[in-house]
1. Taking every DSSP beta bridge that has both residues in the chain, what percent is antiparallel when rounded to the nearest 5?
2. At a Förster radius of 35 Å, what calculated FRET efficiency corresponds to the Cβ-Cβ distance of Asp59 and Trp168, to the nearest 0.05?
3. Based on DSSP H runs of at least 4 residues, each adding -39500 (n - 2.57), what is the mean residue ellipticity at 222 nm of the chain after dividing by all its residues, to the nearest 500 deg cm²/dmol?
4. Picking from Ser14, Ser61, Ser39, which is most flexible by a Gaussian network model of the chain using Cα springs under 10 Å?
5. Compute, for the range 1-104, the length of the dipole vector about the Cα centre, with Cβ point charges of +1 (Lys, Arg) and -1 (Asp, Glu) only. Units Debye, rounded to 20.
6. Which value, in Å², gives the accessible area per residue of the range 88-174 when a 1.4 Å probe is used on the protein heavy atoms?
7. Please label the shape of the range 80-163 as rounded, prolate or oblate, based on the square roots a ≥ b ≥ c of the eigenvalues of the alpha-carbon gyration tensor (a/c under 1.5 means rounded; beyond that, a/b larger than b/c means prolate, else oblate).
8. Calculate the radius of gyration of the Cα atoms of the range 7-117 to one decimal place, then report Dmax, the largest Cα-Cα distance, as a whole number, both in Å.
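The values are calculated or read from the model by the stated rules, or taken from the named source; none is laboratory data. Since this is a predicted model, take the numbers as computed values, not measurements. Glycine gets a Cβ as well: all are built from the backbone with ideal geometry, and neighbour counts include every protein chain shown. Heads up: the accessible areas ignore ligands, DNA and RNA and are worked out on the full protein's heavy atoms, side chains in. Shrake-Rupley method; radii C 1.70, N 1.55, O 1.52, S 1.80 Å.
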Amino acid sequence: MKVEVLPHNLIWRSKFEDETKLIAPVFANNLVTIHHIGSTAIPHIYAKPIIDILVEVNDISKVDELCSAMTALSYEVMGEFGIPGRRYFRKDDVTGTRTHHVHTFEVASLEVKRHLAFRDYMIAHPETAQRYSELKCQLAKQYPNDINGYMDGKDGFIKEIEKKALIWKTLSKS
């Protein structure tokens, strides 16, 4: 998979909103809320132009019944895909370029808290977000055709910031 990071684009928010309108009816009364996550949700940083969507549901097991509906919206059903308790879907456009990821978790799970804390921390700490942006650009140049190398290169930074973000989120609620 080609690794490409682009400057922040305001259209990413509208792409998230448009996709939310398509997928929300699929989850129906199991849906709690839908969040825009990932780098496209963080202003002013470079990102792979793939919209990451986090769907919170009341009952994760009911999501397995929605696979045909998600397939009808051109999503590929990926199951947990390495994260227990997740239901993951990915979508490509007609050229085969990845456009969307949908990460579905039960409401208020640790994974939901982790994703939202990271996003919110990065928005509240633009200097950290810029360090992340620079790392992503460096890794995209270093691994232009190696998504695994790119992802592995970000892993340590993400884990470090996730720890800070979870503490920050807890303290900001106090």
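1. Working: 17 of 24 bridges.
Approximately 70 percent, going by the DSSP bridge assignments.
2. With R0 = 35 Å, the Cβ-Cβ based efficiency is 0.70.
3. -15500 deg cm²/dmol
4. Ser14
5. In debye, rounded to 20, the range 1-104 gives about 220.
6. Per-residue value: 56 Å².
7. Oblate.
8. Expressed in Å, the Cα Rg and Dmax of the range 7-117 come to 13.3, 38.
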